[in-house]
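See below for the structure under consideration.
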Amino acid sequence: MRYDHITDLIGNTPLLRLDPAVHGLPRVQLYAKLEFFNPFGSVKDRVAWGMLRDDLAGIVAGGRTLIEASSGNTAKALRILGALHGVGLRAVTNRIKVTEVRELLQLFGTEIEELPGLSECPDPTTPNDVYSVIEATMARSPGTYQHLSQYTNEKNIEAHYHGTGREIHEDLARDGIGGVDYLIGGLGTTGSTRGTATYLRKHNPELRTIAVVSERSDFVPGIRSETELWDVGLFRPDFYDRIVPVTAARAVDATVELATGHGVLAGPTSGAAYAAAREVLAAETAGDGPPVVAVFIVCDRLEPYLSYLRKRRPDLFGRTAARVPAPTAAELAAVPVLSPAQLADLDATARPTIVDTRGAMAYRIGHVPGAVNIRDDQLDDMFAQGIPFSRSRPLVFVCPVGDASTRFAALARRAGFDAMGLAGGVVAWRDAGRPLESAPAADLRG
């Protein structure tokens, strides 16, 4: 098929029916909307083009640079679309945890401003919120930047309403299927699920929309935990019938199952959606009843996440050091948590080892006095080899808001440590008026 421009390839992605003998849901016709067939490899190509298209001529004429809160697929698509017209991109983002994502943006010449993140950084006088930094940057240089704002821009939803939702309906209608019963998708900006479901509800008002998030104490690239959705302007919790948390371990397992069982080489966000689809549909379609039609959104491809998968499951890459199994719900519930006052008392009497799991920049700006800084991803690697702390002292983990610290404390307690977490994290410590200690930036010059 012939095309005249790369943007002509955005949208009209395939809808793949998955084999029931593999997914194991006898009453379910389960379809995968393969958004990685978009030209830059992800569902975000629609959003980037939808937000940029109408304003592009003015941006070019004004010599402006795009500025956007994104560390992944939206930034990649905006950078490529802008580059085709000589428009640059400044990506302002919280800490990027996947190496290939950062390297792809660098390869394309993206200007990256990486911040510790509002929840990671307790100092309100430091401009660590992505949106505050964007506003401040634009205020300092009027007319220099164009902010498309994927987290608040209604064009994000419209791109999926007129594109993804319409395509799913039309593809199924050609096969005589009049409506979709379930839509399952991960929540990042929430634009894909809101736009797609809104269109599909026109043809089946009983559509159930299942949102997929990461477990609060875990990390799945591309989707947020429920607590992280507070700063997503498009998020409407009452829009969804269910919000299903998925652990990274389940997302990885389902990612591999998608590839080896269905030939779909998708990223871990899609693995999480597939895992949630199977869980929800197995429960809600058990027993006899009419067949149901379900669709989940496959956001992007597998390859940019190899380092993430390698860290989570080194055994899949032929490495002998298997990752420590994730804590169970019972282990997480059993973790003692300290209030800021209790941690201060413990620090005065028992000399605990306090481990701050945030990034180096957030730690440098402000941390619990005496805490050592070992980033969460580094802790994961260390725990796979053994827990490197003294058993003679209590062990207290501190994270941004108290989620990740619970996971590390649960793993340490499994190994016999007297471990606990700080309830509410560094933010609670700050809000309680407790002192914060700062550290100078490292001098890396020779």
*Identify, from the list Phe417, Phe389, the residue that is modelled with pLDDT of 85 or more, more than 15 Å from Pro336 (Cα to Cα) and part of a loop (DSSP other than H, G, I, E, B).*
Phe389
*Among the residues of the range 29-77, which ones are over 26 Å from the mean Cα position of the chain (by Cα) and of a type in the set (A, V, I, L, M, F, W, C)?*
Leu56, Ala57, Ile59, Val60, Ala61
*Look through Asp380, Asp418, Asp347 and report the one residue that is open to solvent by less than 60 Å² (accessible area, probe 1.4 Å) and of a type in the set (D, E, K, R).*
Asp380
*Inter-residue pairs, beta-carbon under 7 Å, first in contact (Cβ under 8 Å) with a residue 24 or more places away in the chain and in the range 372-383, second part of a loop (DSSP other than H, G, I, E, B), 6+ apart*: Asp376/Thr357; Asp377/Lys97; Leu379/Thr357; Phe383/Val324
_Filter result (under 21 Å from His160 (Cβ atoms) and in contact with a helix residue (DSSP H, G or I) (Cβ under 6 Å, 6 or more places away or on another chain)) within the range 19-32_ = Leu30
*Among the candidates Glu120, Glu114, single out the residue that is modelled with pLDDT under 90, closer than 22 Å to Val401 by Cβ, buried (at least 20 other Cβ atoms within 10 Å of the Cβ) and out of contact with any Phe, Trp or Tyr (no Cβ under 7 Å at 6 or more places or on another chain).*
Glu120
_Test result for Leu234, touching a strand residue (DSSP E or B) at 6+ places or on another chain (Cβ under 9 Å) and open to solvent by less than 50 Å² (accessible area, probe 1.4 Å)_ = no
*Any chance you could count how many residues in the range 2-34 are open to solvent by 60 Å² or more (accessible area, probe 1.4 Å), farther than 18 Å from Ser270 by Cα and among the charged types (D, E, K, R)?*
3
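Residue by residue, here is whether (1) over 24 Å from Val130 (Cβ atoms); (2) touching a helix residue (DSSP H, G or I) at 6+ places or on another chain (Cβ under 9 Å) holds:
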| position | (1), (2) |
| --- | --- |
| Ala350 | yes, no |
| Thr353 | yes, no |
| His367 | no, yes |
| Asp376 | no, yes |
| Phe383 | yes, yes |
| Arg407 | yes, yes |
| Gly433 | yes, yes |
_Contact list please: Cβ distance under 6 Å, first residue in the range 279-305 and small (Gly, Ala, Ser), second residue surrounded by 21 or more Cβ atoms within 10 Å (Cβ to Cβ) and part of a strand (DSSP E or B), pairs at least six apart or on different chains._
Ala294/Val28; Ala294/Leu30; Ala294/Tyr182
_So Ala77 ticks every box in (1) touching a Leu at 6+ places or on another chain (Cβ under 7 Å); (2) closer than 19 Å to Thr152 by Cα; (3) modelled with pLDDT of 90 or more but one. Which box is left unticked?_
(1)
*Just one of the numbered conditions (1) part of a strand (DSSP E or B); (2) out of contact with any strand residue (DSSP E or B) (no Cβ under 6 Å at 6 or more places or on another chain); (3) not polar (S, T, N, Q) is not true of Ala249; which one?*
(1)
*Within the range 132-230, which strands (runs of 3 or more DSSP E) (wholly inside it) include 3 or more residues that are open to solvent by 50 Å² or more (accessible area, probe 1.4 Å) and either touching a Cys at 6+ places or on another chain (Cβ under 8 Å) or hydrophobic (A, V, I, L, M, F, W, C) (or both)?*
none
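To keep it simple, each residue is scored yes or no on (1) in a helix (DSSP H, G or I); (2) in contact with a Ser or Thr (Cβ under 9 Å, 6 or more places away or on another chain); (3) among the polar types (S, T, N, Q).
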{"position": "Ile297", "(1), (2), (3)": "no, yes, no"}
{"position": "Ser307", "(1), (2), (3)": "yes, yes, yes"}
{"position": "Arg310", "(1), (2), (3)": "yes, no, no"}
{"position": "Asp315", "(1), (2), (3)": "yes, no, no"}
{"position": "Val324", "(1), (2), (3)": "no, no, no"}
{"position": "Glu331", "(1), (2), (3)": "yes, no, no"}
{"position": "Gln342", "(1), (2), (3)": "yes, no, yes"}
{"position": "Leu346", "(1), (2), (3)": "yes, no, no"}
{"position": "Met361", "(1), (2), (3)": "yes, no, no"}
*For the range 64-88, how many residues are part of a loop (DSSP other than H, G, I, E, B) and touching a residue at least 24 places away in the same chain (Cβ under 8 Å)?*
8
*Which residues, counting only those in the range 30-45, are among the aromatic types (Phe, Trp, Tyr) and outside any strand (DSSP E or B)?*
Phe36, Phe37, Phe40
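The values are calculated or read from the model by the stated rules, or taken from the named source; none is laboratory data. Keep in mind that what you see is a predicted model, and the values were worked out from it rather than measured. Cβ atoms come from the backbone with ideal geometry, glycine included; neighbour counts cover every protein chain shown. Each accessible area value is taken on the protein alone, full model and side chains, heavy atoms only, with ligands, DNA and RNA left out. Shrake-Rupley method; radii C 1.70, N 1.55, O 1.52, S 1.80 Å.
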